[in-house]
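Chemist: What follows is a single structure, and I will ask about it in a moment.
The values are calculated or read from the model by the stated rules, or taken from the named source; none is laboratory data. Just so it is clear, the model here is predicted, and its values are computed rather than measured. Every residue, glycine as well, gets a Cβ built from its backbone with ideal geometry; the counts of neighbours run over all protein chains shown.
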């Protein structure tokens, strides 16, 4: 009897070892069924613009450049009933997206600021997604003339933060009195912008390395989004909870299947054409190609790779797509070589025409960085 029991246990252990034995899988980019593809070698060395390694290590989805995704960012957490701290989660996201700080447009308020905004935060969707906002003490509320409320979160907790009056003029502007100052990088709430088209405050963040970020929170009501801070050295992360983030306004991968085209005229008069193609390959992989050029039929840069919907640590869709693309063709590829570009984009349906989308870079490498385009418009290609 004991021998039979031992044999059964041995069989169970062998089965378990087979079931849970892991193996590394390298995924090569599938061929684009539409015929718009380019030759590339996944064995070529690639420069990671965000500073990470291009070699596979650990588990997760393995990219064409053999760089695995961070599962905490790119995939929803399953089976975890403990809700993570929303403030720490946001800080992690700021580091992941290499953003100097986070900013969000909370909404328009009525009446003076105070501690009784829990219901307002709940109505705007922040109590569920970013409950730390409701816990910001009143001494970190900054009130000016205006009804627009913003939340500012420095990435570096040792930053110094000041909020100053800003006297705007078409040729620039001047500083007024200091409204708030802190030697810690704790989150703050600001009400400002009496005229929605004219910012009336200037926020100055100085991190522990001495880097200075000066900006005015501004919600573009015509486009329906927050104008993020972006310079060649740094950028901000927009964590605004948009009203239609779960509806048709913010587009997911399936909404984008097909071809999208747009153009931009430079100050020198050159017309830059750019093009996205979203498709699913033979085994269902979510793939994307992107190219742009200044001459008809000539690629200045041609990328191909994968597109992933981005989820936060609560398992909620952030409204962004992570694009992991490899430069494979074009006049710039000879100079740069094969490089891997990680970028995060939001695709929003345009209000004026359902066949148009507004595309904005919210993190990582910008595909049209050389033209300074943080956002651009594209139309759905017909036929």
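Chemist: With the requirement that a residue be under 18 Å from residue 241 (Cβ atoms) and either outside the structural domain of residue 273 (by TED's automatic domain parsing) or surrounded by fewer than 17 Cβ atoms within 10 Å (Cβ to Cβ) (or both), what does segment 315-351 give you?
Modeler: Scanning segment 315-351 gives 315, 316, 317.
Chemist: Restricting to segment 274-289, what's the tally of residues that are part of a strand (DSSP E or B) and either without any contact (Cβ under 8 Å) to a residue 12 or more places away in the chain or within 14 Å of residue 369 (Cα to Cα) (or both)?
Modeler: Number satisfying all stated conditions: 1.
Chemist: Here's another thing I want to ask about it. Only residues that are under 17 Å from residue 102 (Cα atoms) and surrounded by fewer than 19 Cβ atoms within 10 Å (Cβ to Cβ): list them for segment 137-155, please.
Modeler: The answer is 140, 141.
Chemist: Going by the structure shown, is residue 227 more than 17 Å from residue 192 (Cα to Cα) and either free of Cβ contacts under 8 Å to residues at least 60 places away in the same chain or in contact with a helix residue (DSSP H, G or I) (Cβ under 6 Å, 6 or more places away or on another chain) (or both)?
Modeler: No; evaluated as a whole, the condition is false for this residue.
Chemist: With segment 86-154 as the region, which helices (runs of 4 or more DSSP H) entirely inside it contain at least 2 residues that are under 23 Å from residue 234 (Cβ atoms)?
Modeler: The helices (runs of 4 or more DSSP H) meeting that bar are 86-96.
Chemist: Can you tell me which residue in segment 183-198 is modelled with the highest pLDDT, limited to those that are touching a strand residue (DSSP E or B) at 6+ places or on another chain (Cβ under 6 Å) and part of a loop (DSSP other than H, G, I, E, B)?
Modeler: If we take residues in segment 183-198 being touching a strand residue (DSSP E or B) at 6+ places or on another chain (Cβ under 6 Å) and part of a loop (DSSP other than H, G, I, E, B), then 187 is modelled with the highest pLDDT.
Chemist: Here's a follow-up. Do the conditions hold for residue 370, that is, is it assigned to a strand (DSSP E or B) and either surrounded by 16 or more Cβ atoms within 10 Å (Cβ to Cβ) or at pLDDT below 90 (or both)?
Modeler: Criteria not met by residue 370.
Chemist: Identify, from the list 316, 353, the residue that is at pLDDT below 85, over 18 Å from residue 275 (Cα atoms) and touching a strand residue (DSSP E or B) at 6+ places or on another chain (Cβ under 9 Å).
Modeler: Unique residue meeting the criteria: 353.
Chemist: Oh, and also: Out of (1) more than 17 Å from residue 342 (Cβ to Cβ); (2) modelled with pLDDT of 90 or more, what's the single condition that is false for residue 321?
Modeler: (1)
Chemist: Which ones in segment 221-264 are loosely packed, with under 15 Cβ neighbours inside 10 Å, under 20 Å from residue 168 (Cβ atoms) and at pLDDT 85 or above?
Modeler: The one that is loosely packed, with under 15 Cβ neighbours inside 10 Å, under 20 Å from residue 168 (Cβ atoms) and at pLDDT 85 or above: 231.
Chemist: What residue, of 326, 362, is at pLDDT 85 or above, closer than 24 Å to residue 89 by Cα and touching a strand residue (DSSP E or B) at 6+ places or on another chain (Cβ under 8 Å)?
Modeler: 362
Chemist: I'd like the full set of residues that are at pLDDT 95 or above and part of a loop (DSSP other than H, G, I, E, B), limited to segment 159-182.
Modeler: 159
Chemist: Please note which strands (runs of 3 or more DSSP E) are completely contained in segment 296-363 and include at least 3 residues that are within 16 Å of residue 256 (Cβ to Cβ) and in contact with a helix residue (DSSP H, G or I) (Cβ under 7 Å, 6 or more places away or on another chain).
Modeler: The strands (runs of 3 or more DSSP E) meeting that bar are 301-311.
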